Amino acid sequence: MYIVQIASECAPVAKVGGLADVVYGLSRKLSLRGHAIEIILPKYDCMRYDHIWGLHVAYQDLWVPWYSGAIHCTVFYGWVHGQQCFFIEPHSSDNFFNRGHFYGSLDDHLRFAFFSKAALEFLQKSNKRPDVIHCHDWQTGLIPVMLFEMYKWHGLWEQRVCYTIHNFKHQGITGGDILRATGLNNEGYYFHYDRLRDNFNPFALNFMKGGIVYSNAVTTVSPHHAWEAHHTDISCGLGHTLHMHQDKFKGILNGIDYSIWNPEVDHSIPFQYSWENIEEKSKNKKVLRERLLLDSSDPNKPIVAFIGRLDDQKGVHLVHHALYYALSRGAQFVLLGSATENTINSWFWHEKFHQNNNPNCHIELGFDPELATLIYAGADMMVVPSNYEPCGLTQLISLRYGTVPIVRGVGGLVSTVFDRDYDQYRPPEERNGYVFYQTDTHALESSMDRALGLYYVYPDEFKKLQIQGMQCDYSWHGPAEEYEALYDFVKA
């Protein structure tokens, strides 16, 4: 099959979150399975150009209709770690992608509506006719709309669309000006409840809703999160729309790239290891302590870690409680993350100063990929107490590195982590961590207490749990097969 991925991110050149990892990881796996894969991205000024090989102009004069005129674009081509990528650069005073950041502008809805329009213009003008267009999140929600309402009349009538939602929280809600900008124009038509009109604001359009309504297949990034989106308020108002289109909606679990996230071949950590020689993991634990100036007088003292954003989605109040509970139980605690809100940022800077001289605690505010990998390799347990988590990569990476996850049972966390003591559906040899379900501190303490108790009292059983986690297969192999079957279904 010939598949074109259209997205606002792709690791490692343009990465903000898990979306970037999915676009790259899925594309790479599909390529290895023999499919022709191309990725279309905006040409941001802040991309990691050092990860693009052979960047050159592929299409010189792309004129994209916009409002009553047109914007001239150049399309570049290059290889990103083996994947073919096209980068669209508009030449306009709007400077859509020359902002020094990926998201956060007041006109983000215009920026990504233009990118979606430009991507379809490029496919049409360059005579590219993929079997499937796979687009992602609200930023590309207008692609299936414009494809069905406009571009199918201009040569793109056989193309089918798979639309993947990574986060329902951000939906691209905007006013009717976007219709005039893109040439869709007909407000009476698109403001209909069954098309683009937001479910709760009759004066707003919703990009993500348009993607759901107009695409041939809709996915989210884990089976349990799909159930949550359909049956609870986690869909942030789109539950009725998903219900109306439930026949084309499903969850496909994300994977991780085991050529990257693999302690057997990962040379960014000091000591490589596998489940067969997991004892080597303790050497990385020693290096982690040395780097973070943690007390190393007792090498068997457990290290509990947290890696991720410090915000409400990630259960920041429980992260804070986990820190103090771990210390109260004689463990060490390592935190690596950055806050998205000023109040949370101030809170954790205060905690950083308060714990600055504590030899059993280290708080690193920011993000350091090299340090993150060392923490995965050196920590014994990873807390992931999210309020909601569409899929989650932290627990998948932790499992691969033999770091036992302690997670809240939501979204992709409950689809990938199976409680050692209480899981009713998995045999003991397939269980790989600890799960709690409530949002209170007692539930967190209960699961942490069980994990730390096993570590202290039954170290051989804890080692067995680590090995069972490392033997889980959360590579892209299974998800790629599911997407292949979905592509075959929509183009049949």
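Every read-out reported here was derived from the displayed coordinates using simple, explicitly stated rules and does not represent laboratory data. What you see is a predicted model; the values in this text were computed from it and never measured. Note that each Cβ is placed from the backbone with ideal geometry, even for glycine, and that neighbours are counted across all protein chains shown.
General remarks:
- Three-way shape label, segment 79-223, alpha-carbon gyration tensor, a/c 1.5: rounded
- Couplings 3J(HN,Hα) of segment 84-101, computed from phi: 7, 10, 10, 10, 9, 10, x, 9, 8, 5, 5, 6, 3, 10, 10, 10, x, 8 Hz, in residue order, whole Hz [Karplus 6.51 cos²θ - 1.76 cosθ + 1.60, θ = phi - 60°; x for Gly and Pro].
- Ser328-Asp473 FRET efficiency (beta carbon distance; Förster radius 30 Å; 0.05 resolution): 0.25
- Between Tyr258 and His51, the C-beta separation translates, for a Förster distance of 25 Å, into a calculated FRET efficiency of about 0.80.
- Potential lengthening of the chain between Ser297 and Gln313 amounts to 2.1 nm, from the contour at 0.36 nm per residue minus the alpha-carbon distance.
- Stretching Lys286 away from Val16 to a fully extended chain increases their span by 94.2 nm, per 0.36 nm per residue minus the current alpha-carbon distance.
- Ile303, Ile178 arranged by Cβ crowding within 10 Å, fewest neighbours leading: Ile178, Ile303
- Beta bridges by DSSP in segment 1-154, antiparallel share as percent, to the nearest 5: 60 percent
- With the simple spin-label model, which puts each label point 7 Å out from Cα in the Cβ direction, the Thr441 to His72 separation comes to 6.3 nm.
- Cα gyration tensor category, rounded, prolate or oblate, for segment 275-470 with a/c compared to 1.5: oblate
- Relative contact order of segment 275-470: 21 percent, from C-alpha pairs under 8 Å at least 6 residues apart in sequence.
- With a cut-off of 14 Å between beta carbons, the residues surrounding Tyr425 carry a summed charge of -2, where Lys and Arg count +1 and Asp and Glu -1.
- Segment 250-294: GluC sites (Glu not before Pro) in DSSP coil with no more than 13 other Cβ atoms inside 10 Å: Glu264
- Spin-label pair Arg180/Glu430, simplified geometry with 7 Å Cα→Cβ offset, distance in nm: 5.8 nm
- Cross-link partners for Lys301 among the aspartates and glutamates, with Cα-Cα distance under 19 Å and sequence neighbours closer than 8 places in the same chain left out: Glu279, Glu280, Glu290, Asp380, Glu445, Asp449, Asp460, Glu461.
- Cα gyration tensor category, rounded, prolate or oblate, for segment 1-111 with a/c compared to 1.5: prolate
- Between segment 9-24 and segment 142-163, the alpha-carbon centres lie 24 Å apart.
- The chain - share of DSSP beta bridges that are antiparallel (%, nearest 5): 30 percent
- Taking 0.36 nm per residue of separation and subtracting the Cα-Cα distance, full extension of the segment from Glu276 to Phe353 would add 23.7 nm.
- Rel. contact order, % - alpha carbon contacts under 8 angstrom, at least six apart, the chain: 12 percent
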